[in-house]
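A.B. asks: Supplied in C-alpha cells, the structure appears directly below.
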Amino acid sequence: MTYGLLRIFRTPFWLLAVLVVVLTTLPVQARSAAGHEASFIERTDRYAFYSNFWINLHHFLFQQAQRKDGEPIDGGRLLSRAEFAEINGAIDWYRDKLAQRSLLMDPYLYKVKRVLTGIEETELPTADAIDADHLAQLEAAASVYRTHYWTRHDRQNREIVAWHRDRIRALEHDVLDRISSLAQEPWPDEHIRVDLTWDANWAGAYCTVEPIHAVLTSRPGGPKNTWPPGGWLELLFHEPSHALIDPDSSTVGEILRETAEQLGLDGADQLWHAVLFLFSGTAVQEALGEEGVSHELLMVSESIFSRYQPAVNDGFAAYMAGKDTLHSAARETLEKLSAARQASP
Ligand SMILES: [Zn+2]
C-alpha cells in the first residue's frame, strides 16, 4: 500500500490528469465489467444479491405511476416544490408510457432491466439501449431520488439480506435441491441473481430466466404487509423456480397440459403456477420445520390460486411424500378439479 502511494506521488500531475480523463470517458460497459460493483451486496453458494440504484429508481417510478387516484406520492410531503415537480414529471411519464405494461412480459421492460442491471449509480445508461425520452426521465428523477429515497431503500435492501443471511446459507442447498427434485428439472449452473428493490411489482417479486434474474421487494411484510414471517424467504426460492416450472417446456407444465388434454379439461391454464407455489412453499416449510420454525405457505396466507388449492393439495399429497409419480399426481389433481367443477358449475 505504501509503495503504491509513493508511486502516485512521484507520477507527474499532467499524467494523473490524463489518466482521470481516460478513465472517466471509458465506455460504461468496460468500466462496469472491470471494477468492483458498488451495487453488489453479497454472494452465497447459490445466490448473488444486489442493491442497484437505477433498478431501484426504475421500479420506484413504475410503482408510483400505478398508485390509485388521489393516493399521494410516497414521501412527497418531504420534497420542495421544485423537487416534487421533477419527480412527479417522471412519474407522469411512466404512467403514460409504461405503467400499463408488464414488468415480466414486456420485451422493452425486459431490456431495460437487463441494461440497468449492468450500470452503477455513478454511471449513466446509454441512449442506444434505452429510449431517449425514457433516459431523460430517469436522469431527471435521479437527483431527487438520490437525495430523498435511495439511502433508505438501499439500507433496507441490504438489511433484509443481512437478516436472512444465516438462514439462506443454512437452507439454500436443501430447499433448491428439493424443488429441483419435485420439478424433475436441474438448476442451471449459475448463481441466481437477485436485485432487491423497495418496490418490485404488484406481487412483490418477479423473475426472468436465461439467465435467472429475480427482482424482489425488500419490504419484510411484502407489498401489502401481510406475508407470514417466512414469506420473503419463500419468495426468494419461489421466483427462480420459474426457470424449472413453466406452462410450456418444463416437465411439470408438459405433464399437466397433456393430462388436461386427455381428460378434455379446459381452464386449468394456471395450474402449473399453483404447483410451483406448492413445491417452493413446501420445500421452505420442510426446511424451516427441521429448525423448529413453523411456516404457512404464501399460497394459503395470501389466498393465491384458491380455486386450485383443494385439488392440488389432495392430488399432490402422495407425490410430495415420495409415494406417487408426477403423472399420477397430475391426473389425480385434474380429476379432482373436474369433479369439483361438476359439483358446483
Ligand atoms: Zn410465481
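A.B. asks: Of the numbered conditions (1) farther than 28 Å from GLU254 by Cα; (2) away from the ligand (no atom under 16 Å from the Cβ), GLU190 fails exactly one; give the number of that condition.
C.D. replies: (1)
A.B. asks: Only one of (1) in contact (Cβ under 8 Å) with a residue 60 or more places away in the chain; (2) more than 13 Å from the ligand (Cβ to nearest atom); (3) farther than 15 Å from THR282 by Cα fails for LEU233. Which number is that?
C.D. replies: So the condition that LEU233 fails would be (3).
A.B. asks: Just one of (1) of a type in the set (Val, Ile, Thr); (2) under 22 Å from the mean Cα position of the chain (by Cα); (3) not in a loop (DSSP other than H, G, I, E, B) trips up ILE304, so point out which.
C.D. replies: For ILE304, the exception is condition (3).
A.B. asks: Take the residues in the stretch 222-247 that are of a type outside the set (Phe, Trp, Tyr) and at pLDDT below 90, then tell me which one is farthest from ALA203 (Cα to Cα).
C.D. replies: It comes out as PRO229.
A.B. asks: Hey, among ASP154, ASP189, ASP195, ASP166, which residue is surrounded by fewer than 21 Cβ atoms within 10 Å (Cβ to Cβ) and not in a loop (DSSP other than H, G, I, E, B)?
C.D. replies: Going through ASP154, ASP189, ASP195, ASP166 in turn, just one is surrounded by fewer than 21 Cβ atoms within 10 Å (Cβ to Cβ) and not in a loop (DSSP other than H, G, I, E, B): ASP166.
A.B. asks: Which number in (1) over 30 Å from VAL161 (Cβ atoms); (2) more than 13 Å from the ligand (Cβ to nearest atom) marks the one condition that PRO247 misses?
C.D. replies: Here PRO247 meets the rest and fails (2).
A.B. asks: Moving on to the next point. Criterion first (at pLDDT below 95 and more than 17 Å from the chain's Cα centre (by Cα)) does LEU256 satisfy it?
C.D. replies: Taking the combined requirement at face value, the residue does not satisfy it.
A.B. asks: From the set of residues in the stretch 82-108 that are surrounded by fewer than 15 Cβ atoms within 10 Å (Cβ to Cβ) and closer than 19 Å to TRP150 by Cα, which is farthest from the chain's Cα centre (by Cα)?
C.D. replies: In this case the residue turns out to be ALA82.
A.B. asks: Could you check, for the stretch 226-236, whether at least one of its residues is part of a helix (DSSP H, G or I), of a type in the set (Asp, Glu), in contact with a helix residue (DSSP H, G or I) (Cβ under 8 Å, 6 or more places away or on another chain) and within 28 Å of LEU256 (Cα to Cα)?
C.D. replies: Yes, some residue in the stretch 226-236 is part of a helix (DSSP H, G or I), of a type in the set (Asp, Glu), in contact with a helix residue (DSSP H, G or I) (Cβ under 8 Å, 6 or more places away or on another chain) and within 28 Å of LEU256 (Cα to Cα).
A.B. asks: Inspect the stretch 200-222 for any residue being within 16 Å of the ligand (Cβ to nearest atom), part of a helix (DSSP H, G or I) and surrounded by 15 or more Cβ atoms within 10 Å (Cβ to Cβ) and give the result as yes or no.
C.D. replies: There is no residue in the stretch 200-222 that is within 16 Å of the ligand (Cβ to nearest atom), part of a helix (DSSP H, G or I) and surrounded by 15 or more Cβ atoms within 10 Å (Cβ to Cβ).
A.B. asks: Out of SER280, SER301, SER294, which single residue is free of Cβ contacts under 8 Å to residues at least 12 places away in the same chain and closer than 26 Å to ALA203 by Cα?
C.D. replies: SER294
A.B. asks: On to the next question. Tell me which residues, restricted to the stretch 125-160, are out of contact with any helix residue (DSSP H, G or I) (no Cβ under 8 Å at 6 or more places or on another chain) and aliphatic (A, V, I, L, M).
C.D. replies: The answer is ALA132, LEU135, ALA136.
A.B. asks: Of the numbered conditions (1) part of a helix (DSSP H, G or I); (2) modelled with pLDDT under 90; (3) in the same structural domain as LEU216 (by TED's automatic domain parsing); (4) not basic (Lys, Arg), LEU124 satisfies every one except a single condition; which is it?
C.D. replies: Going through (1) part of a helix (DSSP H, G or I); (2) modelled with pLDDT under 90; (3) in the same structural domain as LEU216 (by TED's automatic domain parsing); (4) not basic (Lys, Arg) one by one, LEU124 breaks only (1).
A.B. asks: I would also like to ask the following. Is it the case that the stretch 56-64 has a residue that's of a type in the set (A, V, I, L, M, F, W, C), in contact with a strand residue (DSSP E or B) (Cβ under 8 Å, 6 or more places away or on another chain) and surrounded by 15 or more Cβ atoms within 10 Å (Cβ to Cβ)?
C.D. replies: The answer is yes, given that some residue of the stretch 56-64 is of a type in the set (A, V, I, L, M, F, W, C), in contact with a strand residue (DSSP E or B) (Cβ under 8 Å, 6 or more places away or on another chain) and surrounded by 15 or more Cβ atoms within 10 Å (Cβ to Cβ).
A.B. asks: Right, another one. From the set of residues in the stretch 259-280 that are within 16 Å of the ligand (Cβ to nearest atom) and of a type in the set (Gly, Ala, Ser), which is surrounded by the fewest Cβ atoms within 10 Å (Cβ to Cβ)?
C.D. replies: Out of the qualifying residues, it is ALA274.
The values are calculated or read from the model by the stated rules, or taken from the named source; none is laboratory data. Predicted model only: the values in this text are computed from it and were never measured. FYI the Cβ positions are ideal-geometry reconstructions off the backbone, even for glycines, and counts take in every protein chain you see.
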